[in-house]
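The values are calculated or read from the model by the stated rules, or taken from the named source; none is laboratory data. Everything numeric in this text was worked out from a predicted model, so none of it was measured. Reconstructed Cβ throughout: ideal geometry from the backbone, glycine too, with neighbour counts over all protein chains shown.
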Amino acid sequence: MTAPEAPASDSMLLLRGVSKTFGGLTAVDGLDLDIKRGQIFSIIGPNGAGKTTVFNLITGIYRPSSGDMDFDGSSIIGLTPDRVLRRGITRTFQNIRLFNNMTVLENVLVGQHVHYPGNLPAVMLHLPNYRAAERRAHERALDLLGFFGPSLVARQDEYASNLSYADRRRLEIARALGSNPKLMLLDEPTAGMNDAETAEAVRYIQRLRAEFGLTILLIEHKLQVTMGISDRIAVLDYGKKIAEGLPAEIQRNEQVIEAYLGRKATV
Amino acid sequence: MSTSVPALSKGLRSGIGDARRRLDAALNDTQIAGRPPRYYLTGWRFGVLALAVAALLPVTRNGALLATAVSVGIYVLLALGLNIVVGYAGLLDLGYVAFFVIGNYTVATFTGGIMLASDRVTVLHIPVVTFWLLLPLAALLAGVFGVLLGAPTLRLRGDYLAIVTLGFGEIMPIVFQNIPWFFGQLGMSALRPNDVATPLGQISFNQSDPLNNMWFYYLTLALVVVVILAVSSLRDSSLGRAWVAIREDETAAAASGVNLVRTKLLAFGLGAVTGGIGGALNAAYLQAIAPTDFSFAISITVLVMIVLGGIGSIPGVILGALLLRYFDVSLLGQINDAVHRSPLVAPGGSPLHFLASFDFNTSKLLIYGLILLTMILLRPQGLVPNVRRQRELKGIGAAIEGTSAVGLLEREGAGMDEVAADTVGTAELAGSGSDAQGREG
């Protein structure tokens, strides 16, 4: 079951030859990724390189046109997003997708949906097992909000749309933690943040790994963040992986430099 | 557990406290997350008052009033059910009459038939199948059909969902009309008494006997109360939150662990169940049904009740049902009479004299359409709104999503990269030159 040349036991997420085409357009082309347990692994690349598509493939929003995807030893191809979550992979979104007309607390409760009993009578009649799950979910929700300090806890009954931008990013992470995931996919978690907020985000990403035992896969544009936080970096350009290695190696890689300088968005 | 008086009275008080909280929760769509309720009319006190008034209605000994009340009760059940599909899950179902039909025919099949010459022709009379069995059976069958009819619509949005459900709503009565077993257009009348046997005697709907009216009315009222409690219980549960989540953002909901298929099918199924219950009551009450009784008009009536009263709001849809039934049964006729008697419509009295020949009673659907338009344009959240729905419809929450580029641009220190990352499309068009457009970043 394990390949002789690579110890697969500490591979958390393994992508082999994953491709995705939309009609005539190849968004991801033959991608190989091997993310080890406990790593903070970053995917970087110019705009349009296919990074979010990779996230969407992993989480079941798209199905790969070809290739294999294994999580913790078993294939995740064909799973719907909620089943992917139940396997232990959670994610945040580039554009922040919170439930705006739900409160902070309710958002985090939805994140724990998988912990509630599934059978209808329990839910409809609020049977004891349901009530116990609800109690536990409430406590855990407050714990998760508290991870970021007292401010989100204090605002638990606020509508999510009323929060500051930085708080909305934090809330999305708190929601994503609800299912007790093993792997967390963060899509540009510091987008739109100034330097101070970015530094704070870097700190809590590291704390996420330390305190929740998470493996983290990161899409990030700010190179100083990526270089500082990552154990390993893969660089995508036009859907292909053009480089992979330690941060120091990537910084010196000529192809990477050309990809960024040659394609910088001139908005 | 001690059976001493203090312990019992403590138990009683906490039981009453629980009941009070349940009643509060059941009616309080106007409250959210620990804030004080905005419409005090819908607290537990109002619930107790309404229940007392409803319970005392038979004191009037007015058979016709009780008959109307039963009819209102049936529509309240339908409105509560459709509210689950449209109000909670946000799925526009225009074919709700299908479940009402199933409920009716479940009862009619086992208790009804037609008279041919002097022969009684029946469908399926099994003496042991009493109304107490038929009621849950109707609910169950309707629920099953709710799931069946909902299943093909799962990937559809908006207009297409509405059209497909509308189609199913049209098909159902026609199916019963064309299967000879159910006597087609002749419909069926009660050949076997629809008597509901209770320890206190038979409940049958016999308008000349006020006492019988009364028990059937209480049965309807009891079912309405049970359904209100059940629906509010669902609303405040993990399933209720899942429904709000899929209404807000399906992708985020799925990413948070909500099974979209199951959650939507549960909405269709559970919503259909009350349609079945209402249908069963209806057949027992009318004692005679025909396929022509059931049409899109019923689907749209229930929808207007919901929109008028308040989408997603339990007190709202109840109010909507009450208002519209009162309008239909009583007010419309009065308007008709008033207009026809007024000097405005006398020949030469005013430009409005053409109204003299206009029969308002047949313009029911026209008026419903006007009500629907008016509400959607002026007050889409309804008369007694659900707080969350009110926010959604006023676009407060919606303004934030999808404009993160704007949010970013307004922030100090937002670099061009960050803006580009969030507005992938625009960045591609701006920066890629001759490269392929529309690629994902």
Inset, instruction - Could you please let me know if B:SER238 is farther than 27 Å from A:ILE61 by Cα and within 7 Å of another protein chain (Cβ to nearest Cβ)? - result: no
Legend entry - Search result, residues across the range A:184-204 that are within 15 Å of A:GLY88 (Cβ to Cβ) and touching a Phe, Trp or Tyr at 6+ places or on another chain (Cβ under 7 Å): A:LEU185
Inset, instruction - Name every residue in the range A:80-119 that is within 27 Å of A:VAL54 (Cβ to Cβ) and hydrophobic (A, V, I, L, M, F, W, C), in order of residue number. - result: A:VAL84, A:LEU85, A:ILE89, A:PHE93, A:ILE96, A:LEU98, A:PHE99, A:VAL108, A:VAL110, A:VAL114
Inset, instruction - Would you please name the residue that is nearest to B:TRP44 (Cα to Cα), looking only at residues in the range B:303-333 that are surrounded by fewer than 24 Cβ atoms within 10 Å (Cβ to Cβ) and among the hydroxyl-bearing types (Ser, Thr, Tyr)? - result: B:TYR326
Inset, instruction - State yes or no: is A:ARG203 of a type in the set (Lys, Arg), in a helix (DSSP H, G or I) and either touching a strand residue (DSSP E or B) at 6+ places or on another chain (Cβ under 7 Å) or without any contact (Cβ under 8 Å) to a residue 12 or more places away in the chain (or both)? - result: yes
Legend entry - So B:ALA54, is it farther than 17 Å from B:VAL231 by Cβ and in contact with an Asp or Glu (Cβ under 9 Å, 6 or more places away or on another chain): no
Inset, instruction - Test B:ILE300 against the stated conditions and say whether it is of a type in the set (Val, Ile, Thr) and farther than 19 Å from B:GLY150 by Cα. - result: no
Inset, instruction - Go through the residues of the range A:26-46 one by one and say whether even a single one is away from every other protein chain (no Cβ under 14 Å), out of contact with any His (no Cβ under 7 Å at 6 or more places or on another chain) and of a type in the set (Lys, Arg). - result: yes
Inset, instruction - Starting from residues that are more than 17 Å from A:SER42 (Cβ to Cβ) and either in contact (Cβ under 8 Å) with a residue 24 or more places away in the chain or among the hydrophobic types (A, V, I, L, M, F, W, C) (or both), keep the ones in the range A:181-199 and report whichever is farthest from the other protein chains (Cβ to nearest Cβ). - result: A:LYS182
Legend entry - Of residues in the range A:110-141 being in contact (Cβ under 8 Å) with a residue 24 or more places away in the chain and more than 9 Å from chain B (Cβ to nearest Cβ), the one farthest from A:ARG86 (Cα to Cα): A:HIS138
Legend entry - Odd one out for A:GLU158 among (1) within 23 Å of A:LYS51 (Cβ to Cβ); (2) over 20 Å from the mean Cα position of the chain (by Cα); (3) at the interface with another protein chain (Cβ under 10 Å from one of its Cβ atoms); (4) acidic (Asp, Glu): (1)
Legend entry - Among residues of the range B:369-419, those that are outside any helix (DSSP H, G or I) and modelled with pLDDT under 85, counted: 15
Legend entry - Among (1) touching a residue at least 12 places away in the same chain (Cβ under 8 Å); (2) of a type in the set (A, V, I, L, M); (3) touching an Asp or Glu at 6+ places or on another chain (Cβ under 7 Å) - the single one B:VAL339 does not satisfy: (3)
Inset, instruction - Look through the range B:153-180, keep the residues that are in contact with a Phe, Trp or Tyr (Cβ under 8 Å, 6 or more places away or on another chain) and hydrophobic (A, V, I, L, M, F, W, C), and return whichever of them is nearest to B:ILE289 (Cα to Cα). - result: B:PHE176
Legend entry - Matching residues in the range A:106-120 - criterion: being more than 14 Å from B:ASP236 (Cα to Cα) and outside any helix (DSSP H, G or I): A:GLN112, A:PRO117, A:GLY118, A:ASN119
Legend entry - Filter result for the condition that a residue is more than 12 Å from chain A (Cβ to nearest Cβ) and either over 21 Å from A:VAL123 (Cα atoms) or β-branched (Val, Ile, Thr) (or both), over B:ALA284, B:ALA272: B:ALA284
